[in-house]
Amino acid sequence: MKKTLIALAVATLPAAAFADVTIYGTLKAGVENVDAGGMNKTNIDDLGSRIGFKGSEDLGSGLKAIWQVETGFAIDGNPSQYGASNSGTFANRESFVGLDTSYGKVRLGNISTFSDSNMSVVNPWESNSNALQLNAFTRDDERVKNAIRFDTANYNGFQAAFLYGTKEDKTALFGSSADVSGSSRELYNLGLSYENSGFFGKYQFIHQTPVTFMASPANVATTTQSNDSHRLEVGYNANNLLVAFGYRNDRGDSSITPLSFLQGNNAPALDGSKYKSQEYALTAAYTLGAFTPKITYAQAKDYDKDGVSMDNTGYKQFLVGVDYQMSKRTTFGLQYGEVKADQAIFANASDSNAGNKLRGVGLNMIHTF
């Protein structure tokens, strides 16, 4: 009876209530075998599934109201693998309300950085492991809460975007430096891109303000460096061929180094020192019918600390795989990847740093709707 009443109520709603609303999403899952620090483990993982609702309303004179609500979820039943920022809570992915004009659009909400929405051509991989995609190189592909972003219109292939993220946590910080996260910093993000006849060039700059915190056990006030990240991707993507080169240059506190990202919870504590790092990535792929073989190589040089090169602080990464497109919406992928760090940073089952290699092989399925 209740279902009948609900169906009748929906049927009586005016058609305008459903106008310009799109439901979309992606289902991603895979089987992955990963060897980390001597521990071999096979997982069935969600690889970033999401569902979204978006729409617009014509306000006249070329002005539109736009909105989007996107939520990530784990179809393997384990949302904790991504955390609340990516899965398990409503509107945890890019969600906003804004205005769209002939000159561009402005949005307010939980919004992607320019690299997350417009770049990462050099990273055509799907995985839940750092070994099977360029997670280190693309570590600033994220969403910024409490943000405002303006994107210009497309002018003969040229586009620009600017994002500002406020401090989510404006309270005083106490405890260890591990408490100092991106939510405690203001963030400025500039993006520029040009695309024409398959050739593209994309640039991103991110500036994060420094943070002062009380470091234990001495309970001494310490101020981090501000973080500045430059990233460039150039290449060609047309006529079944993809060739993409990426370069990034980061300066700031220890959190900007690629090894800090790869070490995760074992990363060194923040300090007052200034770090510099550089990374490169190269990807090539070619589509032959339904098959797309692809290969990627990435490398980070030893980083500098206070102007001194620190030995054995880089990494090398290699990936090879093939995608098979079953239809316009469904794709299977098979890939092998390996990250070789210059020092033993990958933890084994006892959570000790037991090895400098992270290897993985994965088979995934992706369906979009």
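Looking only at the stretch 32-54, residues that are closer than 18 Å to K357 by Cα, buried (at least 18 other Cβ atoms within 10 Å of the Cβ) and small (G, A, S) come to 2 in all. Among V308, V322, which is the only one that is in contact (Cβ under 8 Å) with a residue 24 or more places away in the chain and more than 15 Å from Y247 (Cα to Cα)? Step by step, each of V308, V322 is checked, and only V322 is in contact (Cβ under 8 Å) with a residue 24 or more places away in the chain and more than 15 Å from Y247 (Cα to Cα). Scanning the stretch 24-48 for residues that are hydrophobic (A, V, I, L, M, F, W, C), within 13 Å of S129 (Cβ to Cβ), modelled with pLDDT of 90 or more and part of a strand (DSSP E or B) yields a count of 3. In the set K328, K340, only one residue is farther than 14 Å from F291 by Cβ and part of a strand (DSSP E or B); that residue is K340.
Inspect all residues belonging to the stretch 162-172 and state whether any of them is surrounded by 20 or more Cβ atoms within 10 Å (Cβ to Cβ), modelled with pLDDT under 95, over 28 Å from V243 (Cα atoms) and among the aliphatic types (A, V, I, L, M). Checking the stretch 162-172: not a single residue is surrounded by 20 or more Cβ atoms within 10 Å (Cβ to Cβ), modelled with pLDDT under 95, over 28 Å from V243 (Cα atoms) and among the aliphatic types (A, V, I, L, M). Of all the listed residues (L132, L108, L59), the sole one being part of a loop (DSSP other than H, G, I, E, B), of a type in the set (A, V, I, L, M) and at pLDDT 95 or above is L132.
The values are calculated or read from the model by the stated rules, or taken from the named source; none is laboratory data. Note that this is a predicted model, so its numbers are computed, not measured. Don't worry about glycine lacking a Cβ; one is built from the backbone with ideal geometry, like all the others, and counts go over all protein chains shown.
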